[in-house]
1. So which residues in the stretch 231-271 are crowded, with 16+ Cβ neighbours inside 10 Å, of a type in the set (A, V, I, L, M) and farther than 20 Å from G160 by Cα, if there are any at all?
2. Of all residues in the stretch 242-284, which are of a type in the set (V, I, T) and within 16 Å of the ligand (Cβ to nearest atom)?
3. Would you mention how many residues in the stretch 133-187 are of a type in the set (D, E, K, R), at pLDDT 95 or above and more than 13 Å from the ligand (Cβ to nearest atom)?
4. Please go through the stretch 89-114 and pick out each residue that is among the aliphatic types (A, V, I, L, M) and assigned to a helix (DSSP H, G or I).
5. Out of the stretch 188-219, which residues are open to solvent by less than 40 Å² (accessible area, probe 1.4 Å), away from the ligand (no atom under 16 Å from the Cβ) and in contact (Cβ under 8 Å) with a residue 60 or more places away in the chain?
6. With the structure loaded, tell me whether P11 is more than 30 Å from V228 (Cα to Cα) and either touching a strand residue (DSSP E or B) at 6+ places or on another chain (Cβ under 6 Å) or within 16 Å of the ligand (Cβ to nearest atom) (or both) or whether it fails that test.
7. Tell me, which residue of the stretch 115-164 that is in a loop (DSSP other than H, G, I, E, B) and among the small types (G, A, S) is surrounded by the most Cβ atoms within 10 Å (Cβ to Cβ)?
8. Which residue out of A204, A191, A275 is of a type in the set (A, V, I, L, M, F, W, C) and over 20 Å from the mean Cα position of the chain (by Cα)?
Amino acid sequence: MTERFAHAAAPVTATAPGKVNLTLAVGDLAADGYHPLATTFMALDLYEEVVAVEGEGLRLEYAPGPIDVSRLETGETNLAIRAARLLAEATGHAADAHLRITKRVPIAGGMGGGSADAAAALLACDALWGTRLTAEDLRALAAKLGSDVPFALLGGAAVGAGRGDELTSALAEGEFHWVLRFSGRGLSTPAVYRALDEHRTRFAADLGPTPEPLVPEAVLHALRSGDVRLLAELLQNDLQAPVLRRRPDIAEALEFGETRGALGGVVSGSGPTLAFLVEGRDEADALAAEFAARGDRALRAVGPATGARVG
Ligand code: C5P
């Protein structure tokens, strides 16, 4: 047979988790157009899957699955394609791979699904091409792709500073059970940040200077000791108010969850997904059923989950 066939690499499967932000403190807009952040991430057991096979050029398709992928871009702007291209450029390897992605994390939901695709694509192509980058090299490429991509690689629980990409792992004891309530309509991340800026400018006299973004020590304590009730009290997101002002339907759903058994609820990232922390598996089942009964899409998830991996 041909040389090409003799050297064909086996397909590689990589997975990477979606996430929730347990806390998200946002500083004032910086000169680089971004806001400095301090956030606590938790990876959830909703995994994106990328299968990479040899092929000419870079191509991507979405497998039919639980998420409607009909409107997703599959060309050069797709973050997974950009991840593969960046790896090829960084290593000098030919940019030849076909990617097939199965999505389980909702799109434009503030749960880092696109970032997880990019993290999994980096790992899958690294294995397919045998480029064998170190974890630190992969992390550096991930940070170039987007603020949430390094955390999708790392997984677990972590504090993020800078744009959320300067990570420090946090110890977490036991399991935390979540109900995620999805919204049919997405939200634009830049628009949510802009709304926060406008609000701060308008009410500057009352609000005073924006404090330096921090992760409260109590959050790390709650994680370390597996204290779900304490953690529920501490869920916090500076982007929540601008999201709820734009979307009364989400404000209503947040109140619904909190009065139907959730220990606490929060907008995840820039929304519109809501993350509710509950006592355990049974409570998660019950709350997910409450949402389903009124026609809302909701899923259970458990964290902290492992980061991106091959196989
Ligand atoms: O990180 P990502 O590319 O998803 O950010 C999209 C946009 O959201 C940025 O261009 C910026 O307008 C806004 N953003 C921000 N501060 C951050 C993260 C995002 O202002 N820390």
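1. Hits for the stretch 231-271 are V243, L244, I250, A251, A253, L254, A262, L263.
2. Listed by number, the residues that qualify are V243, V267, T273.
3. So the answer is 6.
4. Taking the stretch 89-114 as the starting set, the residues that turn out to be among the aliphatic types (A, V, I, L, M) are 90, 94-95, 97, 99, 101, 105, 107-108, 111.
Selection gives A90 alone.
5. Residue satisfying the conditions is V219 alone.
6. yes
7. Among residues in the stretch 115-164 that are in a loop (DSSP other than H, G, I, E, B) and among the small types (G, A, S), the one surrounded by the most Cβ atoms within 10 Å (Cβ to Cβ) is G164.
8. Values: A191 fails: over 20 Å from the mean Cα position of the chain (by Cα); A275 fails: over 20 Å from the mean Cα position of the chain (by Cα).
None of the other options fit; the residue is A204.
The values are calculated or read from the model by the stated rules, or taken from the named source; none is laboratory data. These numbers were taken from a predicted model, which means no experiment stands behind them. Note: ideal-geometry Cβ built from the backbone for every residue, glycine included; neighbour counts use all protein chains shown. Heavy atoms of the whole protein, side chains included, go into the accessibility calculation; ligands, DNA and RNA do not. Shrake-Rupley method; radii C 1.70, N 1.55, O 1.52, S 1.80 Å.
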